[in-house]
1. Quick one: pull the percent of accessible area on the stretch 103-234 belonging to carbon and sulfur, 1.4 Å probe, ligands and nucleic acids left out.
2. Keeping all protein chains in position, work out how much accessible area Glu247 exposes to a 1.4 Å probe, and write it in Å² to the nearest 10.
3. Once fully extended, how much extra length lies between Glu241 and Lys81, figured as 0.36 nm per residue of separation less the alpha-carbon to alpha-carbon distance?
4. For the residue pair Ala307 and Arg115, what label-to-label distance in nm results when each label sits 7 Å from Cα along the Cα-to-beta-carbon direction?
5. Which is the longest part of the chain that has none of the trypsin sites (Lys or Arg not before Pro) sitting in a DSSP loop with at most 15 other Cβ atoms within 10 Å?
6. In terms of the Cα gyration tensor, with a ≥ b ≥ c the square roots of its eigenvalues, is the stretch 23-182 rounded because a/c is under 1.5, prolate because a/b exceeds b/c, or oblate?
7. Please identify the GluC sites (Glu not before Pro) of the stretch 1-92 that satisfy two criteria: DSSP loop assignment and at most 11 other Cβ atoms within 10 Å. Which are they?
8. State whether the stretch 120-237 is rounded, prolate or oblate according to the following rule on the C-alpha gyration tensor (a ≥ b ≥ c being the square roots of its eigenvalues): a/c under 1.5 gives rounded; otherwise a/b larger than b/c gives prolate, and the remaining case gives oblate.
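The values are calculated or read from the model by the stated rules, or taken from the named source; none is laboratory data. Everything quoted here is computed from the prediction, not taken from an experiment. Using ideal geometry, Cβ is built from the backbone for each residue, glycine included, and neighbour counts are taken over all protein chains shown. Remember, those area values only see protein heavy atoms, side chains included, never the ligands or the DNA or RNA. Shrake-Rupley method; radii C 1.70, N 1.55, O 1.52, S 1.80 Å.
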Amino acid sequence: MPKDADDRDIRHDWTRAEIAAFYDLPFGDLIFRAQTLHRRYFAPNQVQLSTLLSVKTGGCSEDCAYCPQSAHYETSIGADKLMDVEAVLAEARAAKAQGAQRFCMGAAWRQPKDRDLDAICAMVSGVKALGLETCATLGMLAADQAQRLKTAGLDYYNHNLDTAPEFYGAIITTRVYQDRLDTLDEVRAAGMKVCCGGIVGMGENRDHRVGLIAALANLPEHPDSVPINMLVKVAGTPLAEAAPVDEIEFVRTIGVARICMPKSAVRLSAGREGMSEALQALCFLAGANSIFCGPRLLTTPNPTRDADREMMDRLGLSPMAP
Ligand code: SAM
Ligand code: DTB
Ligand code: SF4
């Protein structure tokens, strides 16, 4: 690697025109460029494996148009209480036994209440003590809440920007983009790693996808992990009938994320259950190097561990060392 490659590759001043130009490249050129960067910064055939658990499901006060857990929509997901710490730890032990490296706990909250955070912190310390990396996604955080989570042993916080700033209001009306950016700042300030990405297939156009990548790649520090979700269409949500996004356009989005954030783990996130192995293989080729494994995301299905093991074997992929 040339000595100055790092400085040249890791930029925070991407223009939308530059990002749009990556999207416009002939597909082979886009993949070549993404692969070149991927191999400069990562072992090319290793995939990071995370397991998700919804520790507090449904009944959320936010109105995110994609989300089955919003109380604003009639979906098949009811509102549950926060799980017991012991039950969460049992799930984490099982995930570890099945090969997970990171355990991510999700809660359908706008923002955690301080009382709930006591239980969450106990879950975080317990999961950490099992030797797993810890991640949580709990909604917005105040500075002291972020600090408490860090002290409890939280490694990563997931908080997505979801889409471009100018399309955000078409998807969510109960908060604004700046709220998300503020929480991301608090997470960084508390010393945790940031997991931040978005969703493709919500009726956004190419410019909005460019705007999402620009927002992510021009953060003060690139997110350590960038989940690119394909919308999972859930009956009862406003986006249940959203038009499917072109598969190659999805792969291009992964490739452009890899090019603009070369050192970040790019996660081929929600939506794999509806994807062929060939499409997933193209995503890995475009620079994706992280997945959720286990048969459930938060409330929707994901490929089984056996199916993923088979796929990884066929593609010569192996789990990344934590
Ligand atoms: N309530 C917290 C929040 O919104 O930050 C944490 C949980 S929330 C379910 C985590 C992320 O899941 C969302 O930011 C969104 O990107 C993703 N998500 C939710 N529903 C989805 C769907 N139907 N398809 C794809 N991604 C989805
Ligand atoms: C992320 O970007 N995707 C995950 C995780 N972060 C928390 C969640 C996907 C949820 C898909 C819909 C569901 O299962 O409820
Ligand atoms: Fe609530 Fe998060 Fe779902 Fe939005 S994405 S409705 S904040 S659980």
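1. 50
2. About 100 Å², ignoring ligands and nucleic acids.
3. 54.6 nm
4. 4.0
5. Answer from the scan: 114-262.
6. Because a/c hits 1.5 or more and a/b fails to exceed b/c, the stretch 23-182 counts as oblate.
7. When the GluC sites (Glu not before Pro) of the stretch 1-92 are filtered for loop state and at most 11 Cβ neighbours within 10 Å, Glu74 remain.
8. Here the stretch 120-237 falls in the prolate category.
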